[in-house]
Ligand code: FE2
């Protein structure tokens, strides 16, 4: 094991043993996939892509697949009570089960990660239909969350073998959401560094940014975060853990209601955040609001930006700058009944960071919501 470790650390700076081409899809286990898919089509502007269920030979479950540009979401519900999907929903409420990563060799991805200590979720399997071949393997990460490795070099079907194309007469227009920018995991007390080690040693990621409780604390609550990135930067997983504050950390509230560790938010990229957020708000998506005073000193803090201030203030869009440029971001309220999963909408204009300058204003907004739920 020791020799193995030495080998790994020598190699991480030279070759990428787990080359990733990006996020393939995000799959949610939910109580009602049909209605979830409708919500994501209506409110977020996804389009119908594929379906699997009893009609396609899957007796125990249904899955609806929706897509918007390079974003693919899958919503899966169990038709029975006694299986992994039903248990997951009972335990966690609606939540993210799979963060599926696109690879050129799913068998090798599984071999490389499991030999470095990953717990296998599924050994490589080959799925085939008339449209070609897909290879899938998977490993466990924090909580009940799983990384699948998807190799679809030779596949031309709608989504995966076993799915049929989902043609719908209901096709709301898109909202300009393009791809997954990052997915954040919430882990338990003192577990952040364990998962940082996992992403470094098992998946060959590196730590590109660290926020301690001094960076991310308000009067009341605190958290710590480390951002892990794969070699080419296509896949970024920040990991949060709660920190001691006067009152309950937002990460703790998540852990309580999700009943464990899991994915806290997915950041979705857009090229025009004002247009995207205007559209999302008009379709009923609710966002966290910072006080209007945030905008009074904004330009002093971030310097000149291309956007007019008025729409940013009206919509509640936040701005932050780093050495490379600036970014605009906004966070939805939790999208489900439990205060767990939410989304970030992000537009990067050069900046590669995560909006540290906004943390205080943002977390105070989160705490106001937490307080209203009686969980602060
Ligand atoms: Fe984020």
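Here, each number is a calculation from the coordinates, and none is a lab measurement. Here the structure is a predicted model, which means the values were calculated and not measured. Quick reminder, even Gly has a Cβ in these numbers, built from the backbone with ideal geometry, and neighbours come from all protein chains shown.
Some notes on this structure:
- Zero-based 10 Å bins, Cα pair distances in the chain, whole percents: 5, 23, 33, 26, 11, 2
- Among 81, 113, 42, sorting on how many other beta-carbon atoms sit within 10 Å of each Cβ, with the fewest leading, yields 81, 42, 113.
- Sequence-separation-based contact order of the chain, relative, with Cα cut under 8 Å and 6+ spacing, percent: 15
- log10 of Debye I(q)/I(0), alpha-carbon scatterers only, for region 53-207 at 0.08, 0.13, 0.16 Å⁻¹: -0.27, -0.74, -1.12
- Using the alpha-carbon positions of region 177-373, Rg (one decimal) and Dmax (whole number) come out as 16.2, 46 Å.
- Theoretical gain in end-to-end length, residue 313 to residue 178 [0.36 nm per residue, Cα-Cα removed]: 46.3 nm
- Relative to the current alpha-carbon distance between residue 349 and residue 129, full extension at 0.36 nm per residue lengthens the span by 75.0 nm.
- Potential lengthening of the chain between residue 373 and residue 104 amounts to 92.3 nm, from the contour at 0.36 nm per residue minus the alpha-carbon distance.
- 282, 249, 353 arranged by Cβ crowding within 10 Å, fewest neighbours leading: 282, 353, 249
- Computed over region 269-376: relative contact order in percent, which uses C-alpha pairs under 8 Å that are six or more apart: 29
- Here the relative contact order of region 177-373, from alpha carbon pairs under 8 Å that lie six or more residues apart, stands at 22 percent.
- Ranked for footprinting exposure by Cβ neighbours inside 10 Å, fewest first, 65, 202 give 202, 65.
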